[in-house]
1. Hey, any hits in region 180-195 for a residue that's in a helix (DSSP H, G or I) and aliphatic (A, V, I, L, M)?
2. Do you know which of the residues in region 107-125 that are of a type outside the set (A, V, I, L, M, F, W, C) and outside any helix (DSSP H, G or I) is nearest to the ligand (Cβ to nearest atom)?
3. Quick test of your reading of the structure: GLU147 fulfils all but one of (1) within 15 Å of the ligand (Cβ to nearest atom); (2) of a type outside the set (S, T, N, Q); (3) at pLDDT 95 or above. Name the failing condition by number.
4. Give region 66-87 a look and list any residue that's within 17 Å of PHE112 (Cα to Cα) and open to solvent by 10 Å² or more (accessible area, probe 1.4 Å), or say none.
5. For region 1-23, name all the residues that are charged (D, E, K, R) and either surrounded by 13 or more Cβ atoms within 10 Å (Cβ to Cβ) or at positive phi (or both).
6. Conditions first: (1) under 28 Å from ALA170 (Cβ atoms); (2) open to solvent by less than 30 Å² (accessible area, probe 1.4 Å); (3) away from the ligand (no atom under 14 Å from the Cβ); (4) not small (Gly, Ala, Ser). PRO51 passes all but one, so which condition is the exception?
7. Scan ALA76, ALA68 and give me the residue that is small (Gly, Ala, Ser), within 17 Å of the chain's Cα centre (by Cα) and under 30 Å from ILE201 (Cβ atoms).
8. Which pairs do you get when a residue that is hydroxyl-bearing (Ser, Thr, Tyr), found in region 1-19, comes within reach of a residue that is more than 8 Å from the ligand (Cβ to nearest atom) and open to solvent by less than 50 Å² (accessible area, probe 1.4 Å), reach meaning Cβ atoms under 9 angstrom, with the pair 6+ apart or on two chains?
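The values are calculated or read from the model by the stated rules, or taken from the named source; none is laboratory data. Bear in mind the structure is a predicted one, so any value in this text is a computation, not a measurement. For neighbour counting, all protein chains shown are included, and Cβ atoms are generated from backbone atoms with ideal geometry for every residue, glycine included. Only protein heavy atoms, including side chains, enter the accessible area calculation; ligands, DNA and RNA are left aside. Shrake-Rupley method; radii C 1.70, N 1.55, O 1.52, S 1.80 Å.
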Amino acid sequence: MNQNDYFDRLAVSGNPLLFTNADRLKVLRLKERLGELAGRRVLEPGCGAGPLTEYLSDWVGPLGRVLAFDCSPGMAQEGRHRLANRTNVELVCAEAETIAVQSFAWDLVIFFRVFPHFEDKSAILRRFRPGLAPDGRLVIANLEGSENLNARHSGFSEPVRHDRMPGARALRRLLEEAGYRVGALIDEEDEFFAEAVDARIGPPGRRRAR
Ligand SMILES: C[S@@+](CC[C@H](N)C(=O)[O-])C[C@H]1O[C@@H](n2cnc3c(N)ncnc32)[C@H](O)[C@@H]1O
């Protein structure tokens, strides 16, 4: 089974990774970290069935826009179905490795619960950097820290059992090598949050959350 088959199956399993009540509390914490998003343009690679996309749609509001995509046709279909009434959301089936990335188009690119699944993480980070608007940010977020997430993945079946989330130090290096300046970087038991800007054009001196 390849990764798309795995997520296609999850999409129709009755549990396409929608949020639990505990997850929702963490999503509110994520919102605090992200700050005001009204009117913003957000790109969400690997959106799955769109549990965060739904929140992003609310957060950017009627003047904002969310482009969410997933390479699993099943997940993308499920997401499109769930979010069909959201006029500020477009959800398509596409791969992060090949989707066209328009230059300077996005105020926020958010990799939420997807980063471990990228085979060539460095290449993905480099691909999306030109898509950031001059004051745009890249965020990589998970609902648990890297150690916990990697332990969970080890218990899953192929093909995701070997997918790994880099820890804070390794991710910082990846981001810097890919041309980003890193701001907040949190890797704790129940949270992973990393924020970065394009080192050449991003706003200077973003405050570190911790
Ligand atoms: C763990 S799921 C999480 C989905 C969603 N972000 C969520 O929080 O529910 C990871 C998703 O990333 C997608 N994915 C993995 N690699 C991808 C890639 N290279 N391009 C686009 N989507 C990808 C998978 O198909 C899967 O739906």
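1. No: zero hits.
2. Per the stated criteria, the residue is ARG113.
3. Looking at each condition in turn, GLU147 falls short on (1).
4. LEU67, ASP70, CYS71
5. Listed by number, the residues that qualify are ASP8, ARG9, ASP23.
6. Result: PRO51 passes all but (3).
7. Being small (Gly, Ala, Ser), within 17 Å of the chain's Cα centre (by Cα) and under 30 Å from ILE201 (Cβ atoms) holds for just one of ALA76, ALA68, which is ALA68.
8. TYR6/PRO159
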